[in-house]
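Each remark here refers to the structure printed beneath this line.
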Ligand code: FCB
């Protein structure tokens with residue numbers, strides 16, 4: 001049977017944690033939270049399956065933090081919900097929202113956990129979409145103000161903070177592929193948001209720096225692109241995939257430029273002053289978060305707009321999302337960050353995990369052996385990078401709880417802890433106990 005005994009071989013100071021995000025767990029029915037683009041998208045595209053209740057973390061957060069602590073984790077990554085802090089406009093703060101995050105952070109700190117808040121994990125207040133959301137740089141500036149507010153209000157309760165979770169999902173997945181809110185399928189919108197979301201990051205970094213207290217990071221999701229075969233056309237298509245999915249963001253942040261192939265397609269849609277803004281975008285950060293799940297097999301496919309590729313999946317073992325197990329990709333990206341971008345920057349693996357079709361047995365236990373295998377394979381990759389001297393500081397399993405998995409609603413379970421969405425009951429799964437065996 002597969003175990004997580006490798007956990008014993010990590011350095012003492014390496015931080016193991018779990019990750020969640022606001023919209024996916026909190027329940028926006030509670031505490032006077034405002035509407036976000038996800039409420040609207042769910043109504044339009046997901047038959048109304050939304051985050052109204054989610055895991056009701058607002059009422060269950062003490063129990064949830066206890067679960068994290070009892071498993072022996074040392075860190076907790078969560079996000080602030082912008083519409084909970086500012087439900088109606090940019091000025092009137094919701095005191096219930098402030099109170100919630102203060103109590104949450106107290107609970108985290110009193111449990112000897114380290115808080116890793118993210119400022120933005122996708123729940124943009126709906127009012128911003130009425131003025132074109134991330135297509136409008138006004139939103140980026142308001143995001144800078146939000147970052148300032150968060151730092152001033154909660155800043156003495158944490159050390160590390162990240163600005164944005166997964167810029168690729170916010171831009172390409174949501175504005176070109178249309179799979180996430182706001183569900184736009186348009187290359188102009190996509191190109192603009194590819195740049196603007198990075199500009200928003202820069203506004204946030206500037207605001208946080210002015211408060212002078214934090215270790216600032218950003219969280220990128222890297223997906224390994226592998227050419228479907230050795231055909232030149234497919235290899236070229238794979239390069240474009242990699243540039244759009246991965247390098248666009250890391251080149252901008254670490255090098256202050258955009259990769260050439262992707263730029264040749266997208267430049268015409270970018271704001272005129274994009275190069276000046278790239279200087280801001282590349283101002284130094286203190287750590288980088290890497291979210292990693294899987295690979296794609298890339299094949300050339302002609303498209304009018306020049307985005308000439310399609311993504312396929314191969315024949316490796318798959319998760320319930322249909323995502324292949326491809327742990328090698330994780331060490332590939334860890335090494336790439338250090339070798340090609342910044343050989344000193346501390347890396348945190350801020351998300352990694354799998355969806356599994358978990359069901360409690362009649363006794364109420366949840367056996368998620370495949371998830372243990374998935375974690376084990378990825379942890380081995382990290383260990384081998386550590387042994388080669390790469391500076392990786394921590395690992396956050398996605399996710400603490402089964403939760404609202406965006407466009408898939410409640411049908412995909414990523415948790416270490418099973419959630420019964422009818423009554424919010426939490427049942428730790430076997431993978432949870434496997435972590436606690438070695439961490440607690
Ligand atoms: C990531 C998201 C996270 C979750 C996982 C499965 O892209 O950051 O919220 O949905 O995928």
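We did not get these values from a lab; they are worked out from the coordinates using the rules stated. This is a predicted model, so every value here is computed, not measured. No Cβ is skipped: glycine too gets one built from the backbone with ideal geometry, and neighbour counts run over all protein chains shown.
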Note: residue 229 to residue 267 extended length (0.36 nm per residue) minus current alpha-carbon separation gives 10.8 nm
Per region 185-306, sqrt(5λ) over the Cα gyration tensor eigenvalues, sorted largest first, in Å, gives 29, 18, 11
Computed over the Cα atoms of region 1-96, the Rg and Dmax in Å are 17.3, 55
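Would you calculate the volume per residue, in Å³, of the smallest convex hull containing every Cα atom of region 17-167? Walk me through the numbers on the way to the answer.
Working: hull volume 16.1 nm³, N = 151.
For region 17-167, the hull spanned by Cα atoms encloses 107 Å³ per residue.
Could you please tell me the mean projected area of the C-alpha convex hull for region 282-325, averaged over all directions and given in square nanometres to one decimal? Before the final figure, lay out each step's value.
On the way: hull surface 22.0 nm².
With every direction weighted equally, the projected area is 5.5 nm².
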Once both label points are put 7 Å beyond Cα along the C-beta direction, the residue 141-residue 280 separation in nm becomes 0.9
Semi-axes a, b, c in Å (a largest) for region 304-440, each sqrt of 5 times a Cα gyration tensor eigenvalue, come to 29, 22, 13
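How do the peptides 200-206, 230-236, 359-365 rank, highest first, by the average count of neighbouring beta carbon atoms within 10 Å per residue?
Averaged packing, sorted descending, gives the order 200-206, 230-236, 359-365.
Quote the FRET efficiency, to the nearest 0.05, computed for residue 336 versus residue 393 with a Förster distance R0 of 25 Å and r equal to the Cβ-Cβ distance. Don't skip to the end; give the middle numbers.
On the way: r = 17 Å, r/R0 = 0.69.
Efficiency for this residue pair is about 0.90.
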Dividing the helical contributions, -39500 (n - 2.57) per DSSP H run of n ≥ 4, by the residues of the chain yields a 222 nm value, nearest 500 deg cm²/dmol, of -11500 deg cm²/dmol
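Students often check this: by mean Cβ neighbours within 10 Å, which of 279-286, 239-246, 145-152 ranks highest, and how do the rest follow?
Numbers: 279-286: 15.8, 239-246: 22.0, 145-152: 20.5.
Most protected by this proxy first, the peptides run 239-246, 145-152, 279-286.
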Highest mean packing first, using Cβ neighbours within 10 angstrom, the peptides 424-432, 287-295 sort as 287-295, 424-432
With the convex hull built on the alpha-carbon atoms of region 96-153, volume per residue in Å³ sits at 88
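Over the chain, what relative contact order in percent results from Cα pairs under 8 Å that are six or more residues apart? The partial results should precede the final answer.
Values: 921 pairs, mean separation 81.6, N = 440.
Reported as a whole number, the value is 19 percent.
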Kirkwood-based Rg/Rh on the Cα set of region 125-228 evaluates to 1.03
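Return the inverse of the average 1/r over all pairs of distinct C-alpha atoms in the chain, which is the Kirkwood hydrodynamic radius, in Å to one decimal.
On the way: mean 1/r = 0.0457 Å⁻¹.
21.9 Å is the Kirkwood radius here.
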